[in-house]
Amino acid sequence: MRGRIDRFVRSRVIPREALLDGGGPAAAEALAELRGQAQEEGLWALPLPEELGGGGLGFRAYAELAEVEGASDHGPAALGSAPLLDVTMLARHGGTAVREAYLKRLVAGEIRTCYAMTEPDVPGTDPFRTGTRAERGPDGSWVVTGRKWFTSGVAGADLVTVMARTGGAPGDREGLSLLLVPTASAGFRVVRELPVLGTGGQYEIEFARVRVPADHLLGEPGDALTIAGERLRLGRTLRCLRWLGQAQRAFDLMCERAATRHGSRGPLADQQLIQSHVFDALLALRTTRPLVHEAVALIDAGRDARTEVGLAKVAAARMLQQVADSAIQVHGAAGLGPDTPLPGLFRTGRAARVLDGPDELHITSVARRVLRGYGRDGSGSGRSSGSGSGSGPE
Ligand SMILES: Cc1cc2nc3c(=O)[nH]c(=O)nc-3n(C[C@H](O)[C@H](O)[C@H](O)COP(=O)(O)OP(=O)(O)OC[C@H]3O[C@@H](n4cnc5c(N)ncnc54)[C@H](O)[C@@H]3O)c2cc1C
């Protein structure tokens, strides 16, 4: 299966990357064609539940495929596994009406969702400061008011999961909830696109008294940080797997270039400073991969994976940035130009160090948790030490 996914991504998705990156009707048509091929070949939605139309693969088994599927940013969408996070969240925390209305359609690729937590006016690393509010009307429905930004993919989405304050005041640790908002609702607006290092896909959005049905609240009022923590741990681990696939791609390109680019002193590969790039990149890849799979195994077993996900997230983001940077260096100007995917891979690596929580948040969270294990109880075990960093959902 891994070989089949790898071939699908390399022979069908990667050649269409430029078209898919461009967006618009041509990209939508290319994506629809790829999805049809994935369905015909039995490669569709492999990690999604069978009863909803997916392939029913468990997370650990899927993790073996996610790296090759994620070698292109478009792989998960083309192969139907992109909704895994949202389907998992809605299946666990959505009420009956939400599950019936959306789950099968999400798995079939008929509708798309996105996630809006970060706001322009408060630090994303401190969700307690969330300014977006949801107020309950007399009929039980919610009225959402606020602004979010860097909401990935919201322009083409049908639903957006929004973190909003349903009780208390900014700064309170209680009173945050998640609501599922249809983007067709009156009062919802995409304010502008926010290009990241020159590429699109992120947006600023506004909720101006958007009315949301009572049953579109996920879990209970006040459950946001628990649900978001669960979602972020799974989401970060999935991203790490995909970043491994992208780094492997940059590494392969670097080695091919080094072996085939000849000067009067022979191939670049004969230069020791080039060999040093290759060694350091391989070391980064090989030391990160087991960390990521350790996080996968703990999540799959339903165990506390906060430390391992934090380690994996920082390691994988740094690793992708480093490997893509080395591959660019070995390519010279060609590595910065339009003829290789390296600029895009580098951009992903750089953004990886900020999105889903910047490096510093994970470093301090993991270190505090580990150090607590060396405290008064004298256990010395970083993993048995308890209840989070105190700085928001990890
Ligand atoms: C490409 C991309 C896609 C994104 N997609 C989404 C999305 O779909 N949905 C969404 O809700 N958000 C999304 N984000 C936003 C992202 O999750 C936030 O940018 C991130 O959580 C950091 O929040 P912030 O930008 O407000 O930074 P701030 O919280 O203002 O932090 C700024 C800097 O302060 C430092 N800092 C913060 N905390 C600590 C600490 N504890 N210790 C030491 N230093 C610290 C770090 O250097 C950090 O980079 C995306 C961002 C990018 C770049």
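The values are calculated or read from the model by the stated rules, or taken from the named source; none is laboratory data. Everything quoted here is computed from the prediction, not taken from an experiment. FYI the Cβ positions are ideal-geometry reconstructions off the backbone, even for glycines, and counts take in every protein chain you see.
Below is a table of values for the structure above.
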quantity: Matching entry among 185, 177 (being more than 11 Å from the ligand (Cβ to nearest atom) and part of a loop (DSSP other than H, G, I, E, B)); calculated: 185
quantity: All positions within the stretch 211-224 that are part of a strand (DSSP E or B) and within 15 Å of residue 138 (Cα to Cα); calculated: 211, 212
quantity: Test for residue 124: is it within 16 Å of the ligand (Cβ to nearest atom), surrounded by fewer than 22 Cβ atoms within 10 Å (Cβ to Cβ) and at positive phi; calculated: no
quantity: Selected residue (criterion: nearest to residue 251 (Cα to Cα)) from residues of the stretch 293-347 that are touching a residue at least 60 places away in the same chain (Cβ under 8 Å) and among the β-branched types (Val, Ile, Thr); calculated: 323
quantity: First in the stretch 32-46 and farther than 14 Å from residue 2 by Cα, second anywhere and surrounded by fewer than 21 Cβ atoms within 10 Å (Cβ to Cβ) and of a type in the set (Lys, Arg), Cβ under 8 Å, 6 or more apart; calculated: 34/12; 34/16; 37/12
quantity: Odd one out for residue 102 among (1) under 19 Å from the mean Cα position of the chain (by Cα); (2) crowded, with 20+ Cβ neighbours inside 10 Å; (3) part of a helix (DSSP H, G or I); calculated: (1)
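Rundown of residues vs (1) closer than 23 Å to residue 123 by Cβ; (2) of a type outside the set (A, V, I, L, M), yes/no style:
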position	(1), (2)
301	no, no
308	no, yes
315	no, no
319	no, no
332	no, yes
346	no, yes
351	yes, no
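Yes/no per residue for (1) under 30 Å from residue 45 (Cα atoms); (2) in contact with an Asp or Glu (Cβ under 6 Å, 6 or more places away or on another chain); (3) at pLDDT 95 or above; (4) surrounded by 14 or more Cβ atoms within 10 Å (Cβ to Cβ):
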{"site": "113", "(1), (2), (3), (4)": "yes, yes, yes, yes"}
{"site": "118", "(1), (2), (3), (4)": "yes, no, yes, yes"}
{"site": "140", "(1), (2), (3), (4)": "no, no, no, no"}
{"site": "149", "(1), (2), (3), (4)": "yes, yes, yes, yes"}
{"site": "159", "(1), (2), (3), (4)": "yes, no, yes, yes"}
{"site": "176", "(1), (2), (3), (4)": "no, no, yes, yes"}
{"site": "181", "(1), (2), (3), (4)": "yes, no, yes, yes"}
{"site": "187", "(1), (2), (3), (4)": "no, no, yes, yes"}
